[in-house]
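Here the structure comes first, spelled out in structure tokens, and everything after it is commentary.
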Amino acid sequence: MLPLALMLGAANPVEAIAHSMADYSACLRVYAGRPAREAAAARAQFAKAQCHSQREATIRLGTELLARRTTAATARARMEEALASFDALYPAILAAGGGVEIPLPIAPQVRRYTDCLAQQMEARGATQVGDMTAYSAAAEASIAACATVRSSALAEAETVLSRAPGFGEAGGRHEAISRAFDQTDAVQRNLPQLFETVSHEQGTDAQD
């Protein structure tokens, strides 16, 4: 997470706000895990409670940056609306398989890899999921481009988790680390289907 003062001085406020929102999303991902469908709502609520401080920091940052062009009250309302919309969707994202099991001690290592994937996807113009063939090609290319970052993060995660309580057994530790990174890849590859599922279910709920 970037220091607030550094974000406030960022040349591009949109990028700073996006980064802070990504911090909030990453926090939710760690605390929500990868629950079964029936547990998704409860896990999303638990994660939101655990990530309250990061959520407020994101709102505060966005308010400070957006208030340069509008009133503070309007800026805060816009940030709260944006985060409320994401919070409302998050249980459906989890229920659709969008969760990742990330042991808390290695969250920074997984985040470093996730950031690499996001940067590579953006560089390939694949941040908007539309053409499935083009998206799949971009996802595979991004995963390949981040292979070095993944290997480095995996090695660091092994060192970090070996010192954490409950992960003394090498086989279980390796499995937990591999699962976190493999599920991250799977979510990246399946993002279009995931959002299609969420959109379909949201539409079905609206009709009921």
Might you let me know whether segment 71-78 holds any residue that is under 21 Å from the mean Cα position of the chain (by Cα), assigned to a helix (DSSP H, G or I) and at negative phi? yes
Of all residues being within 16 Å of Arg29 (Cβ to Cβ) and touching a residue at least 24 places away in the same chain (Cβ under 8 Å) in segment 51-70, which is surrounded by the fewest Cβ atoms within 10 Å (Cβ to Cβ)? Just the residue, please. Gln54
Breaking point among (1) under 20 Å from Ser20 (Cα atoms); (2) in a helix (DSSP H, G or I), for Ile102: (2)
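So, Gln109, is that one more than 28 Å from Ala41 (Cβ to Cβ), without any contact (Cβ under 8 Å) to a residue 40 or more places away in the chain and either in contact with a helix residue (DSSP H, G or I) (Cβ under 7 Å, 6 or more places away or on another chain) or not assigned by TED's automatic domain parsing to the domain that holds Ala47 (or both) or not? Show your work before the answer.
Working: more than 28 Å from Ala41 (Cβ to Cβ): yes; without any contact (Cβ under 8 Å) to a residue 40 or more places away in the chain: no; either in contact with a helix residue (DSSP H, G or I) (Cβ under 7 Å, 6 or more places away or on another chain) or not assigned by TED's automatic domain parsing to the domain that holds Ala47 (or both): yes.
For Gln109, the condition - more than 28 Å from Ala41 (Cβ to Cβ), without any contact (Cβ under 8 Å) to a residue 40 or more places away in the chain and either in contact with a helix residue (DSSP H, G or I) (Cβ under 7 Å, 6 or more places away or on another chain) or not assigned by TED's automatic domain parsing to the domain that holds Ala47 (or both) - is not met.
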Residue under evaluation Pro108, criteria (1) closer than 12 Å to Ser25 by Cβ; (2) assigned to a helix (DSSP H, G or I), criterion not met: (1)
Applying the selection to segment 117-138, what residues are modelled with pLDDT of 95 or more and touching a Lys or Arg at 6+ places or on another chain (Cβ under 8 Å)? none
Does segment 39-50 contain any residue that is closer than 29 Å to Ala155 by Cβ, surrounded by 18 or more Cβ atoms within 10 Å (Cβ to Cβ) and in contact (Cβ under 8 Å) with a residue 12 or more places away in the chain? yes
For Leu83, are the conditions met, namely being under 28 Å from Arg179 (Cβ atoms) and either assigned by TED's automatic domain parsing to the domain that holds Thr148 or in contact (Cβ under 8 Å) with a residue 24 or more places away in the chain (or both)? no
Given the conditions (1) modelled with pLDDT under 95; (2) within 16 Å of Ser20 (Cβ to Cβ); (3) touching a helix residue (DSSP H, G or I) at 6+ places or on another chain (Cβ under 6 Å), and given that Arg55 satisfies all but one, which numbered condition is not satisfied? (1)
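The values are calculated or read from the model by the stated rules, or taken from the named source; none is laboratory data. The structure displayed is predicted, hence computed values, not measured ones. Note that each Cβ is placed from the backbone with ideal geometry, even for glycine, and that neighbours are counted across all protein chains shown.
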